[in-house]
Amino acid sequence: MGTDELTRIHELAKRVTLLEKLVLRQQSRMDELLQRLEQTERVDRPHAAEKDPSAAAAARENEAAERAVPSVSDLLDEEMKTDLARAYGAPPPREQPTEGAQDRPPSAMARAAGSYARATGGKEPVRSDRAKQNEAARKKTADAAALAQIPTHELREKTPAERAADYIADYNALYEVQGTMFQKKKAQDDFIKQYEVQGMKCTNMRLRLSRPELEPRFVAVAPPRDADFWGMPLGNNLFAVVPNPFLVYGEEMHTAGGMREAFNSNYRPGTVYGHFTVKEAATFQFGTIGKVFRRGQLKAEV
């Protein structure tokens, strides 16, 4: 049976139920009126019967006809009552057993069912251990089959080199995000969250402006958006490092900010860069103070 047919049956059942309630309400009112009429007729009946016997007989016939008004439930056949009860979750109307059925002795199957119910106390049979073991084995086989369909490279943990390669690819893709500034910012926030990015900044930058021979020292900066470098943890206090995509890469950043020590690049004095294509991430060793462990490589564009 289709969904449309079930919907029509439900609507029809609702209408029939409402109509039956209305009829029952009217029937109740009619019963009250009939009771009042009967009381009135009881008082006037002896006089009316003496005067006109035919009128009294007609009155009795009318009373019997009014009492015989059928309800909507009486107009429905048993099959429709059963269908409506099943559609609304109510138990189907029970048929009144006939005298023959009451006197009929129970069958052998009924006696067996009764004996089984008494023996089990009315409880459902508990599944055996073998059935449980078979079900567990089937589930284990299904899990193994599903696991076999997963590519092997997705099951093992990626190496630091593979994670760094993904980090670089997604970083370079940030410059290709289309849309509004809000959409670009959201892409960068998702990148920071996905790779657990830690912001870093050269802490002795001002001192190195006058003494550029000093080794740059880096400290953690939060949030990463305010940092000059973004680092992804590789383990063992090592980080794969790329420039902040919003970094303004000029002479000061090159000489004192740590870009010269962190990356081999195509930097030219007097040029300010704002777009970076990282080919290899730098590696920083980072504890309380960070330092460049291995240089990376990038291409800077205006």
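The values are calculated or read from the model by the stated rules, or taken from the named source; none is laboratory data. Being a predicted model, the structure only gives us computed values, none of them experimental. Note that each Cβ is placed from the backbone with ideal geometry, even for glycine, and that neighbours are counted across all protein chains shown.
See the values below:
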read-out	value
Close pairs (8 angstrom Cβ cut-off, 6 or more residues apart or separate chains): within 15 Å of residue 251 (Cα to Cα) in the stretch 197-217, of a type in the set (S, T, N, Q) anywhere	208/255; 209/255; 212/255
Only listed residue being modelled with pLDDT under 75 and among the acidic types (Asp, Glu), chosen from 44, 31	44
Unique residue being farther than 23 Å from residue 218 by Cα and either outside the structural domain of residue 233 (by TED's automatic domain parsing) or touching a Gly at 6+ places or on another chain (Cβ under 6 Å) (or both) when the list is 186, 140	140
Qualifying positions in the stretch 271-289 - assigned to a strand (DSSP E or B), surrounded by fewer than 20 Cβ atoms within 10 Å (Cβ to Cβ) and without any contact (Cβ under 8 Å) to a residue 60 or more places away in the chain	285
